[in-house]
Amino acid sequence: MSLHSSGFLSCIQIPVKAKIINISLVLLILFKLVLSFIQQARISLDGDMASIIVPSKSYEKVMQDPFALSVLLKHESYAAPNRSFAHWMMAGYFRTVPFFMQNFTNKIDSIYASVALEKVLMQAFLLYLLASLAGGTRKIRSREFLFPAVLISFLFQTAGFNQYIGVIDRSITYAFFYALPMSFLLLFFQMLFFIEKNGGWKNAGIIRKITLIALPILISLSGPLNPGVALIVCVLIFCNEFWKTKSRNENIFSTLFARIKQIPQSIRITFPILILLSMYSWYIGQFNSENFNFSLPIKERYLRMFDVMPDFFFGNSALPVLILFILLNFIFLRFTPNTKERSDLFQSGKLILIFSLVYLLLLPLGGYRGYRPSILRWDTFVPVYICLYFLAGYTSVVLFKQILPQTRKIQFVWLLSFCVYFFIPDASLYKDNKYERLRLKDLANSQEEMVELKNDCTVMAWVLLRDYRESELNCKLLQYWGVIEKPRFYFQK
């Protein structure tokens with residue numbers, strides 16, 4: 001009886017242990033998301049919110065003409081013609097969600113809670129996409145998904161290294177225009193990956209096919225980075241797939257046609273749509289009236305970018321440590337068996353390296369902004385950060401599978417040290433918006449038409465508002481949310 005019991009216990013030990021590990025991994029991910037929510041709710045509001053949500057007169061046109069037909073047909077110029085869906089999503093979100101949040105908190109806190117919720121949803125969505133690609137599975141309860149998800153979750157920075165490797169910007173407006181559009185582009189490639197993994201285009205469901213055909217519209221008419229990134233990635237993937245094909249035809253045109261036909265059907269169908277729409281977005285972006293406010297010769301843009309590159313890459317330890325971690329994982333993998341999984345990983349690494357270099361070299365051609373004088377900044381480098389997040393998770397998963405069980409404890413310590421390194425500086429609960437909340441309360445309690453606020457913080461602005469007229473849109477938005485009744489303007493001396 002005792003032997004039988006012992007056998008039974010040995011049979012259930014492994015499943016129970018695996019379940020405990022999985023639960024622990026889930027709790028770590030949830031902990032990081034909850035921490036991010038608390039941190040995001042403590043960040044001040046940026047100065048572009050009201051102009052997009054109300055909207056300002058300069059953004060009325062993009063809200064009325066989402067496909068920029070007036071640019072195409074009449075050659076009109078107005079602000080952000082190729083970013084209509086980002087405007088729509090941000091305006092639609094903040095015209096509704098704060099009212100929902102008011103069921104749980106006061107009207108002022110509901111604004112910050114809405115900001116925090118949206119950023120955490122973006123973070124969770126990106127985390128899902130990256131972990132599913134790194135682990136090669138969409139089953140969120142599987143170890144293959146949870147393992148890279150934990151590692152990647154600690155790379156999302158809200159406080160510590162946000163301005164060095166941050167994907168979710170501290171500004172909610174920038175998050176809507178950079179991280180969110182980039183997540184839709186990543187979703188496009190993630191869907192293609194799993195379609196090919198599960199039998200190709202012919203076996204894909206009709207909903208997936210329609211989504212992949214329609215998604216390029218959203219991708220190309222959202223963030224400023226999407227068109228360029230989509231074009232580079234599509235060309236790289238197409239060339240990589242073309243290189244893998246073979247043909248015995250002697251005629252060059254027959255060979256070309258035969259090799260193209262061997263490229264997965266999902267790529268042959270969806271890539272032309274995404275490429276054409278990205279080119280359309282790039283074209284109408286030339287009529288962006290915001291570009292006319294800033295002018296700098298291309299040569300000067302490159303000189304400025306090259307001038308800040310040493311400080312950008314080595315001025316803080318975050319990016320070098322992340323890159324070093326990935327490189328060391330690749331070096332360790334050199335001493336493991338040469339499996340198909342390892343081979344695919346090395347090929348992915350090569351493509352990401354090429355993409356990063358090409359993207360960096362083409363970045364100055366994307367335009368110039370006075371508030372981004374050096375061209376190269378954390379927000380414009382988001383596509384590369386996403387690739388690095390992915391590689392950190394991907395290399396760790398493959399290495400864990402390839403190494404001997406005896407050495408996995410060493411890798412666990414290695415991964416734990418990596419996570420702790422990025423967690424400690426990011427664990428801050430500093431309340432950045434403490435005084436802004438107080439100034440909003442001052443506005444809410446005032447019955448004056450025009451209110452002078454203390455100048456101890458910015459209030460829904462990038463800088464102190466010395467001119468009362470600059471606060472008009474902010475007051476309209478606050479009145480819409482029900483935060484204030486009387487004040488139409490405010491200023492700070």
| request: Report ³J(HN,Hα) in whole Hz for each residue of the range 208-213, in order, from the Karplus equation J = 6.51 cos²θ - 1.76 cosθ + 1.60 where θ = phi - 60°; Gly and Pro get x. | output: 5, 5, 5, 4, 5, 7
| message | Starting from the 7 Å offset along Cα-to-Cβ, what nm value, one decimal, do you get for the label separation of Asp307 and Lys57? | response | 3.6 nm
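Report the Stokes-Einstein translational diffusion coefficient (µm² s⁻¹, integer) for the range 340-401, Rh taken as the Kirkwood radius over Cα pairs, at 20 °C with viscosity 1.002 mPa s.
Details: Rh = 13.2 Å.
For these conditions, the coefficient is 162 µm²/s.
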| Please identify the chymotrypsin sites (Phe, Trp or Tyr not before Pro) of the range 99-175 that satisfy two criteria: DSSP loop assignment and at most 10 other Cβ atoms within 10 Å. Which are they? | Phe104
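Ignoring ligands, DNA and RNA, what accessible area per residue does the chain give at 1.4 Å, in Å²? Show your work: numbers first, answer last.
Numbers: 24600 Å² over 493 residues.
Using a 1.4 Å probe on heavy atoms only, each residue of the chain averages 50 Å².
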| field | Anchor Lys434: lysines whose Cα lies under 18 Å away (excluding residues fewer than 8 positions away in-chain) | value | Lys107, Lys454
| request: Along Cα→Cβ, 7 Å out, is where each label goes; now give me the distance between the ones at Ser417 and Phe314 in nm to one decimal. | output: 2.3 nm
| message | Sorting check: for 446-458, 181-193, 393-405, which peptide has the highest mean count of neighbouring beta carbons within 10 Å, and how do the rest follow? | response | 181-193, 393-405, 446-458
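Once a ≥ b ≥ c are taken as the square roots of the eigenvalues of the Cα gyration tensor of the chain, is the result rounded (a/c under 1.5), prolate (a/b larger than b/c) or oblate (a/b not larger than b/c)?
On the way: a/c = 1.90, a/b = 1.29, b/c = 1.47.
It comes out oblate by the Cα gyration axes.
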| request: Multiply the residue separation of Glu76 and Ile354 by 0.36 nm, subtract the distance between their alpha-carbon atoms, and state the gained length in nm to one decimal. | output: 96.4 nm
| field | Loop-resident sites, the range 193-266, for GluC sites (Glu not before Pro), counting at most 13 other Cβ within 10 Å (DSSP) | value | Glu250
| task | Calculate one ³J(HN,Hα) per residue across the range 350-364 by plugging θ = phi - 60° into the Karplus curve 6.51 cos²θ - 1.76 cosθ + 1.60, and present them in order as whole Hz with x for glycine and proline. | result | 5, 5, 5, 5, 4, 4, 4, 5, 5, 4, 5, 5, 8, 4, x
| said: Suppose the chain between Leu27 and Phe100 were pulled fully straight at 0.36 nm per residue; how much longer would it get relative to their current alpha carbon spacing? | reply: 23.6 nm
| request: Mind listing the long-range amide H neighbours of Ser44? Cut-off is under 5 Å, sequence gap 5 or more, other chains count too, H placed in the peptide plane at 1.01 Å from N. | output: Asn433
| request: Highest first, please rank the peptides 223-229, 474-480 by the mean number of other Cβ atoms sitting within 10 Å of their residues. | output: 223-229, 474-480
| task | May I ask you to evaluate 6.51 cos²θ - 1.76 cosθ + 1.60, the Karplus curve with θ = phi - 60°, for each residue of the range 227-238 and list the ³J(HN,Hα) values in order in whole Hz, giving x for glycine and proline? | result | x, x, 5, 4, 5, 5, 5, 4, 5, 5, 5, 4
| request: Would you please give the residues with an amide H less than 5 Å from that of Val451, counting only those at least 5 places away or on a separate chain, with H modeled from the backbone geometry? | output: Phe489, Tyr490, Phe491
| Anisotropy class of the range 239-350 from Cα gyration tensor, a/c 1.5 cut | oblate
| remark: Under the helix-only model (-39500 (n - 2.57) for each DSSP H run of 4 or more, divided by the residues of the chain), the mean residue ellipticity at 222 nm, to 500 deg cm²/dmol, is -21000 deg cm²/dmol
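Within the chain, what whole-number % of the accessible surface is contributed by carbon and sulfur, with the 1.4 Å probe and all protein chains included in the calculation?
Working: 15980 of 24600 Å².
That share works out to 65 percent.
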| note | Heads up, the range 382-431 by the C-alpha gyration tensor (a ≥ b ≥ c square roots of eigenvalues; a/c under 1.5 rounded, else a/b over b/c prolate, else oblate) looks oblate
| note | Cα-Cα longer than 27 Å, checked against Lys17/Lys340; Lys61/Lys441; Lys139/Lys409; Lys261/Lys350; Lys244/Lys299; Lys139/Lys209, kept in input order, equals Lys17/Lys340; Lys61/Lys441; Lys244/Lys299
| message | Test of understanding: what is the full-extension gain from Arg369 to Leu404, defined as 0.36 nm times their sequence separation minus their Cα-Cα distance? | response | 7.5 nm
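In the range 219-275, which trypsin sites (Lys or Arg not before Pro) are in a loop and have at most 12 other Cβ atoms within 10 Å, using DSSP for the loop call?
Details: sites: Lys244, Lys246, Arg248, Arg259, Lys261, Arg268; in loops: Lys246, Arg248.
Listed in order of number, the matching sites are Lys246, Arg248.
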| message | Around Glu436, under 13 Å between beta carbons, what's the net of Lys plus Arg minus Asp minus Glu among the other residues? | response | +2
| query | Suppose every K and R has +1 on its Cβ and every D and E has -1 on its Cβ; what is the size of the dipole of the chain about the Cα centre, in Debye to the nearest 20? | reply | 1660 debye
| request: Kindly state, to the nearest 0.05, the FRET efficiency for Leu256 paired with Leu361, given R0 = 35 Å and r defined as their beta-carbon distance. | output: 0.80
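The values are calculated or read from the model by the stated rules, or taken from the named source; none is laboratory data. Everything quoted here is computed from the prediction, not taken from an experiment. Counting neighbours? That spans all protein chains shown, and the Cβs are built from the backbone with ideal geometry, glycine included. Ligands, DNA and RNA are excluded from the accessible area calculation, which covers all protein heavy atoms including side chains. Shrake-Rupley method; radii C 1.70, N 1.55, O 1.52, S 1.80 Å.
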